[in-house]
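Some notes on the structure that comes next.
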Amino acid sequence: QVQLVESGGGLVQPGGSLRLSCAASQSIFSMRTMGWYRQAPGKQRELVAEITSGGRTNYAGSVKGRFTISRDCVKNTVYLQMNSLKLEDTAIYFCYADRLMRTYWGQGTQVTVSS
């Protein structure tokens, strides 16, 4: 079993920045992939960014160049640095981890971009 605890969400103005954190209860080296999805009201959940155990990253086209996913293997934590935030980035952001053919989810953290 893997527990994921997110933090760092909040309210920010357009053009601002936030950093989300996802702390895992087990070594992130044991995760095949970790990353972030988001779900806006009335929309389907969509992949935002992911990082593989080998360190390869992948981003949704809508966030490429603005968001950066990274990890701290000592703290077993994955981060999502979000810059140049837009109104359309407003959503609940969920951390996930794939391990041994199972997917684990965090509880979600709200990000609201508003003037």
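The values are calculated or read from the model by the stated rules, or taken from the named source; none is laboratory data. The model shown is predicted, which means the values in this text are computed figures rather than measured ones. Reconstructed Cβ throughout: ideal geometry from the backbone, glycine too, with neighbour counts over all protein chains shown. The area values use the complete protein model at the heavy-atom level, side chains included, leaving out ligands, DNA and RNA. Shrake-Rupley method; radii C 1.70, N 1.55, O 1.52, S 1.80 Å.
Brief remarks follow.
- Flag for Ser25 being of a type in the set (Ser, Thr, Tyr), closer than 18 Å to Gln107 by Cβ and open to solvent by less than 30 Å² (accessible area, probe 1.4 Å): no
- Taking each residue of segment 1-25 that is closer than 14 Å to Ser84 by Cα and in contact (Cβ under 8 Å) with a residue 12 or more places away in the chain and looking for partners that are surrounded by 13 or more Cβ atoms within 10 Å (Cβ to Cβ) and of a type in the set (Lys, Arg) with beta-carbon atoms closer than 7 Å, six or more apart or interchain, yields Pro14/Lys86.
- Where a residue in segment 56-82 is modelled with pLDDT of 95 or more and its partner, wherever it lies, is part of a loop (DSSP other than H, G, I, E, B) and surrounded by 19 or more Cβ atoms within 10 Å (Cβ to Cβ), with Cβ under 8 Å and at least six apart: Arg66/Leu85; Met82/Val63
- Top-ranked residue in segment 28-49 [being out of contact with any Cys (no Cβ under 9 Å at 6 or more places or on another chain) and open to solvent by 60 Å² or more (accessible area, probe 1.4 Å); ranked as nearest to Gln3 (Cα to Cα)]: Arg32
- Matching residues, segment 63-101, being over 18 Å from Gln3 (Cα atoms), surrounded by 14 or more Cβ atoms within 10 Å (Cβ to Cβ) and of a type in the set (S, T, N, Q): Thr68, Ser70, Gln81, Asn83, Thr90
- Inter-residue pairs, beta-carbon under 7 Å, first on the phi < 0 side of the Ramachandran plot and in segment 93-115, second among the aliphatic types (A, V, I, L, M) and part of a loop (DSSP other than H, G, I, E, B), 6+ apart: Ala97/Val2; Ala97/Met31; Asp98/Met31; Arg99/Val2; Arg99/Met31; Tyr104/Val2; Val113/Leu85
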